[in-house]
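Before any comments, here is the structure.
The values are calculated or read from the model by the stated rules, or taken from the named source; none is laboratory data. Source: prediction; values computed, not measured. As a convention, Cβ positions derive from the backbone with ideal geometry for all residues, glycine included, and neighbour counts pool all protein chains shown. Surface accessibility is based on the protein's heavy atoms, side chains included, excluding ligands, DNA and RNA. Shrake-Rupley method; radii C 1.70, N 1.55, O 1.52, S 1.80 Å.
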Amino acid sequence: PSNSSAASDVYKRQLHDRALELLTKHAKGDLQEMQRLWFLGKASAKKGDRKLAVTYWKQLLEASQSRPTHDETKLSQLLEIGLAFLQAGYAQEAMETWEDLKKLDEKFQHLPKLYAYTLNLNAYTLAQKDNLKLAIAEWEKAIEYDPDNLAILQNMAIAYMAAEEFDLSALHWRKLMSRWKVMIDRDPHIHACLLYTSDAADELDGVDLG
């Protein structure tokens, strides 16, 4: 097997240090170098070394975008690396990648949802750091890109409640409940659990929080 394949097998077994060693020692040719950078980034992200992971993936971005390939190939590479940033929890780097993708194809159909997912991640990270005001601002931007995203609506409802903005929280719970009821009517067996959540939210909506 190739050195990249061997490193991939090692990586899958969670032996990140050994994978990094294999990848650093062996890389011949552009394709193997790109594979090396990809798995170095993955292994570094798994180890929690954000700075190193970002360094490797940005090198990979630069290498992949400088190759003489079709725009479709470059777009696919940007998408894959951007999703890797997103999966690793690196919202800023993911957003920068989507901006590069937009330069290639500003009408890319999934771009609004990618923006929304990334803003949602950034908002969640901010909320975890008790930056609730900034988090809400990010969620407000996210929902503009993907108005039907129920996870974002729920996060906003909870965030406004935590911020003691009860009217806005109730407004978002009502929007969420209306979507849930559509889902329940469409398939009550699959979405039966939402019945209880919706009932609880109805009760909360009737409470005077003023």
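The table below gives the values:
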| item | result |
| --- | --- |
| Candidates A43, A53 - the one that is in a helix (DSSP H, G or I), over 26 Å from Y115 (Cβ atoms) and modelled with pLDDT of 90 or more | A43 |
| Complete set of residues in region 92-111 that are open to solvent by less than 10 Å² (accessible area, probe 1.4 Å), closer than 19 Å to T125 by Cβ and of a type in the set (A, V, I, L, M, F, W, C) | A94, W98 |
| Pairs where the first residue, in region 48-62, is within 16 Å of Q92 (Cβ to Cβ) and the second is part of a helix (DSSP H, G or I) and charged (D, E, K, R), C-beta under 7 Å, 6+ apart | V54/E93 |
| Helices (runs of 4 or more DSSP H) enclosed by region 63-176 - at least 2 residues per element that are under 29 Å from L52 (Cα atoms) | 71-88, 91-104, 111-128, 132-145 |
| Residue, farthest from the chain's Cα centre (by Cα), within region 38-73, restricted to residues that are exposed (fewer than 12 other Cβ atoms within 10 Å of the Cβ) and small (G, A, S) | S66 |
